[in-house]
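The values are calculated or read from the model by the stated rules, or taken from the named source; none is laboratory data. Please read these numbers as outputs of a predicted model, since none were measured by experiment. A quick note on method: Cβ atoms are made from the backbone with ideal geometry, for glycine too, and the neighbour counts reach across all protein chains shown. The area values use the complete protein model at the heavy-atom level, side chains included, leaving out ligands, DNA and RNA. Shrake-Rupley method; radii C 1.70, N 1.55, O 1.52, S 1.80 Å.
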Amino acid sequence: MKIPILDIKGQYKRIKSEVDSAILNVLENTNFINGPEVKSFEKEMCDYLSSKHVIGCANGTDALQIAMMALELKPGDEVIVPAFTYAATAEVVGLLGLVPVMVDVYPDTFNIKVEDIEKSITERTKAIVPVHLFGQAADMEAIMKIANNHNLFVIEDNAQAIGAKYTFSDGSQKYLGTIGTIGCTSFFPTKNLGCYGDGGAIFTQSDLYAQRVRMVTDHGQKNKYYHDIIGCNSRLDTIQAAVLQIKLKHLDEYSNSRYQAAQIYKELLKEVDELIMPFEVSNSTHVYHQFTMQVKSGHRDSLKDYLASKDIASMTYYPVSLNNQKAFKDISKTFVSLDNSEALANSVLSLPMHTELTREIQIEICNAIKEYFKQ
Ligand SMILES: *Cc1c(COP(=O)(O)O)cnc(C)c1O
């Protein structure tokens, strides 16, 4: 039996009757664009996150682009991004003619290094884009402080950590995505809250930015056929909203399954000295979008191949840091060393992580890893 990296089908089977009837209901009503499910999902997401505004859009990449358009960032403006993340974070910066300024990440949390942000601010800097990588928070309290001191926007890329909560030093808590000026997420099927196609959303606590975000997603119009600004066309599908309404009710249970599975991996692999287990920070819950370990002494690729030979899938998120991607070579800037990002690209390996993992599957995966290191 092959062990896959994901099991979307297994998860679907558990909610099949609910999802099928919700989709059929949309088909019956034929309200495919901006149907009532879109509004009610946005409302339910607002309630879940305690967010003032949630605005659906077509995907997570669009969400980031729309945020930057709504904040009126202009060509030449500098936007600080981590060098170790999915390309979409920096891609939209480039697409809008803005300058991605790459900073390093911490070697244990893989999240944006706060000291580097300070060192990378110039008079052209307009925004910081922290990514809550693999399911836990970047150091938001420190990032918000820097942003406030320098009058910068914060756009949270929360594609990987929906449902995770951040605790401030005064004890108050907020869901990730609702702390910055604007938060963005993706409902890509493999994300923690995934729909059955493409989808995304934007969060904000500001009425002004919410209105601008809505305009940008709808061709820059507030009143139909009166276009005040240049926008785009980016909508959350009614069918996807109907699926998300059902899956949102299970999100906490899904986050918990992922967290429990991560604890089992950590326990089963604790005596393997060649591996560094994921680190959990104390000021954030971890919703384990990925279970990403570091493999010491150059064993990463051969361990991955060995697991593949045993029909066990594993993945390298991400094999190249953004500063070394061709697409960003000529358009990005950096004022700091990116050593940690480059080292992680050569050492990280992610194990199967989803809501359908069983202890038995995890034992099989971990036994194979132990056999590799005993050879
Ligand atoms: C998935 C992802 C995105 C993009 O989301 P799409 O819906 O695929 O466009 C952006 N940033 C990060 C960190 C992601 O993981």
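With +1 on each Lys and Arg Cβ and -1 on each Asp and Glu Cβ, and nothing else charged, work out how big the dipole of the chain is about its Cα centre, in Debye to the nearest 20. All intermediate terms of the calculation are to be shown ahead of the outcome.
Numbers: 37 positive and 46 negative charges, 90 e Å.
Roughly 440 debye, rounded to the nearest 20.
Treating only the Cβ atoms of Lys and Arg (+1) and Asp and Glu (-1) as charged, compute the dipole magnitude of the range 251-374 about its Cα centre; round to the nearest 20 debye.
Working: 13 positive and 17 negative charges, 69 e Å.
Computed charge dipole of the range 251-374: roughly 340 debye.
I need the fraction of alpha carbon pairs in the chain separated by more than 35 Å, rounded to a whole percent.
Numbers: 17579 of 70125 pairs.
Summing the P(r) tail past 35 Å for the chain gives 25 percent.
Near the amide H of Lys113, under 5 Å away, which other amide H atoms are found, from residues 5 or more places off or on another chain, if H is placed in the peptide plane?
Amide H to amide H, under 5 Å and 5 or more residues apart or across chains, Lys113 pairs with Asp104, Val105, Tyr106.
A 30 angstrom limit on the alpha carbon distance is what I want to check against. Which of Lys119/Lys304; Lys9/Lys43; Lys174/Lys224; Lys39/Lys333; Lys224/Lys249; Lys145/Lys304 exceed it?
Working: Lys119/Lys304 37 Å; Lys9/Lys43 27 Å; Lys174/Lys224 35 Å; Lys39/Lys333 40 Å; Lys224/Lys249 34 Å; Lys145/Lys304 40 Å.
Table pairs above 30 Å Cα-Cα are Lys119/Lys304; Lys174/Lys224; Lys39/Lys333; Lys224/Lys249; Lys145/Lys304.
Looking only at the range 132-224, where both bridge partners belong to it, what percent of the DSSP beta bridges are antiparallel (to the nearest 5)?
Values: 7 of 10 bridges.
So the antiparallel bridges in the range 132-224 amount to around 70 percent.
Just how much of Glu360 is accessible, in Å², when a 1.4 Å probe is used and the result is rounded to the nearest 10?
Estimated to the nearest 10 Å², Glu360 gives 130 Å².
Pop out the carbon and sulfur fraction of the accessible area of the chain as a percent, whole number, probe 1.4 Å. Show your work: numbers first, answer last.
Numbers: 8280 of 16190 Å².
Solvent-exposed carbon and sulfur of the chain make up 51 percent of the total.
Using the Cβ atoms and a cut-off under 15 Å, what net charge is assigned to the surroundings of Lys374, where Lys and Arg are +1 and Asp and Glu are -1? The partial results should precede the final answer.
Details: positive: Lys310, Lys370; negative: Glu271, Asp273, Glu274, Glu371.
With Lys, Arg at +1 and Asp, Glu at -1, the neighbours total -2.
Assigning unit charges at the beta carbon (Lys, Arg +1; Asp, Glu -1) and nothing else, what dipole magnitude in debye, to the nearest 20, does the range 173-262 show about its Cα centre?
Charge dipole of the range 173-262: 40 debye, to the nearest 20.
Quick one: accessible area per residue over the chain, 1.4 Å probe, rounded to a whole number of Å²? Before the final figure, lay out the partial values.
Working: 16190 Å² over 375 residues.
Spelled out: the 1.4 Å probe surface of the chain, per residue, equals 43 Å².
Going 7 Å from the Cα of Lys370 along its beta-carbon direction, which residues of the range 241-280 have the amide nitrogen within less than 20 Å of the resulting point?
Within reach of a label on Lys370: 261-278.
Sequence-distant or interchain residues sharing an amide H contact under 5 Å with Val99, placed H: which?
Amide H to amide H, under 5 Å and 5 or more residues apart or across chains, Val99 pairs with Gly76, Asp77, Glu78, Val79.
Could you run the Karplus curve 6.51 cos²θ - 1.76 cosθ + 1.60 with θ = phi - 60° over the range 298-312 and give me ³J(HN,Hα) per residue in whole Hz, x for Gly and Pro?
For the range 298-312, the Karplus-derived couplings read x, 8, 3, 5, 6, 5, 4, 5, 4, 4, 4, 5, 9, 6, 10 Hz, x marking Gly and Pro.
Ordered by residue, what ³J(HN,Hα) values in Hz, to whole numbers, does the range 104-111 give under the Karplus form 6.51 cos²θ - 1.76 cosθ + 1.60, where θ = phi - 60° and Gly and Pro are x?
Once rounded to whole Hz, the list reads 7, 10, 6, x, 9, 8, 6, 9.
How large is the direction-averaged shadow of the alpha-carbon convex hull of the range 49-150, in nm²? Walk me through the numbers on the way to the answer.
Details: hull surface 27.4 nm².
Orientation-averaged projected area of the Cα hull: 6.9 nm².
Quick one: order His354, His150 from most to least accessible surface, probe 1.4 Å.
On the way: His354 15, His150 80 Å².
Accessible-area ranking of His354, His150, largest first: His150, His354.
Under the rule of at least 5 residues apart or a separate chain, name every residue whose amide H is placed under 5 Å from the amide H of Asn59.
Gly200
Tell me, what is the 1.4 Å probe accessible area of Tyr259, in Å² to the nearest 10?
80 Å²
Mind checking which of Ser206, Ile331, Ala241 is farthest towards the positive end of the chain's charge dipole, using Cβ charges of +1 (Lys, Arg) and -1 (Asp, Glu) about the Cα centre?
Ala241
Just to be sure I understand: with springs between alpha-carbon atoms less than 10 Å apart, which residue in Gly171, Gly180, Gly56 has the highest mean-square fluctuation in the Gaussian network model of the chain?
Gly171
Using the Karplus curve 6.51 cos²θ - 1.76 cosθ + 1.60 with θ = phi - 60°, what ³J(HN,Hα) values do you get for each residue of the range 272-289, in whole Hz, with x for Gly and Pro?
8, 5, 6, 10, 10, 6, x, 9, 9, 6, 7, 9, 9, 6, 10, 9, 6, 4
What percent do you get for the relative contact order of the chain when only Cα pairs under 8 Å and 6+ apart count? Kindly include the intermediate steps, with their values, before the conclusion.
Numbers: 779 pairs, mean separation 87.2, N = 375.
23 percent.
In nanometres, what is the gap between the two model label sites at Asn31 and Phe168, each 7 Å from Cα along Cα-to-Cβ?
Going by the 7 Å Cα→Cβ label model, 3.7 nm.
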